[in-house]
Structures are given as C-alpha cells and as structure tokens.
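Written below as structure tokens is the structure these notes are about.
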Amino acid sequence: TANFLKEEGAAALAKVLGANRRIKTLHLCGNAIEDGGCKAISEALKDTAVETVGLGQNQITDVGVRHLCEVLKTNPAVTSLSLKSNLVEAQGGMYLSSAMRANNRLKVLDISNNRLGDSGAEHVAGHLE
C-alpha cells in the first residue's frame, strides 16, 4: 500500500498480472490509480486466478467500478473484493449488484466509507436477499 502508484503504474502491473497465473491476492490499497488504473487492472483480471482484490483508497468512482464489475461477471476466481474508501456512489452499487447476480462466487465485499447513499445500499442489499 501507499506506493504512490497512479494510472501508469497500475497499467504496468496489469500487463504482468495478465500473464501470471500464480498470483492469488492483489492489494493496491492507498494509491491513486483512479478509474484508468482500475480499468487496466480489471482487464488484466479477466484471465487470472486472483481471488482477493484490494483496491481501497484509490479515488475510484462508478466509472472504474463499471469496468471491474464487467470482469467480475465472467471471472469466477475473485471471491473477495475491497473498494473501501473510494468515491463509489449509487450507480456503482447498481454495477456491483449486477455483477453479484451474474457471479455468486464473491463472498467478501468491503464497500465501507464510500458515497453509496441509501439508493446504492439498496442496490447491493437487493442482491443479498
């Protein structure tokens, strides 16, 4: 954490991650990868065996969450996702709910300290019923 990675650093890691089947846990918390870095990491996750993804404190908005959720719909490897302390709002909650409906392997979801509001929480909670 706190490696001061930005979008470019995340993209460089994504290139290597996509070709590596040994990595099971990826924590990039406390950087500033933002939506562009989240998109690059998301694309790399398509064909990996990564089970735990930590992207907390990265200034990720609903735009980045949308990219991540598209991958979560088709990659059954991810079982734990942390997006804590980002800038995720109600729309991001809708994307997460859609991804969880399509892929029930996600067992741990940390969305604490975001901006989901009641509407975003309702989207996520709707899937959990």
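The values are calculated or read from the model by the stated rules, or taken from the named source; none is laboratory data. This structure is a prediction, so every number in the text was calculated from the model and none was measured. Counting neighbours? That spans all protein chains shown, and the Cβs are built from the backbone with ideal geometry, glycine included. Remember, those area values only see protein heavy atoms, side chains included, never the ligands or the DNA or RNA. Shrake-Rupley method; radii C 1.70, N 1.55, O 1.52, S 1.80 Å.
Some observations on this one:
- Considering all C-alpha pairs of segment 46-86, those separated by over 16 Å amount to 33%.
- Calculated FRET value between Val63 and Asn113, using beta carbons and R₀ = 22 Å, to 0.05: 0.75
- The count of lysine pairs in the chain that are at least 8 places apart or cross chains, and whose C-alpha atoms lie under 24 Å apart, stands at 23.
- By average C-beta atoms within 10 angstrom, highest first, the peptides 44-57, 101-114: 44-57, 101-114
- Protection proxy ranking of 70-80, 31-41, by the mean of other Cβ atoms within 10 Å over each peptide's residues and highest first, is 31-41, 70-80.
- Per-selection metrics, segment 1-104 (Cα): Rg and Dmax in Å: 12.2, 34
- The portion of the accessible surface of the chain made up by carbon and sulfur, rounded to a whole percent, is 50 (1.4 Å probe; DNA, RNA and ligands excluded).
- Helical content alone sets the calculated 222 nm signal of the chain at -14000 deg cm²/dmol, taking -39,500 (n - 2.57) per DSSP H segment of four or more residues and averaging over every residue.
- Measuring max minus min along each principal axis, the C-alpha atoms of segment 49-129 give extents of 30, 28, 18 Å (largest first).
- Label positions at Ala121 and His27, each projected 7 Å from the Cα along the C-beta direction, are separated by 2.8 nm.
- Contact order normalised by residue count of segment 39-120, Cα under 8 Å, 6+ apart, percent: 33
- The mean accessible area for residues of the chain, using a 1.4 Å probe and ignoring ligands and nucleic acids, is 51 Å² per residue.
- Sum of side-chain charges, Val50 neighbourhood, beta-carbon under 15 Å (Lys, Arg +1; Asp, Glu -1): +4
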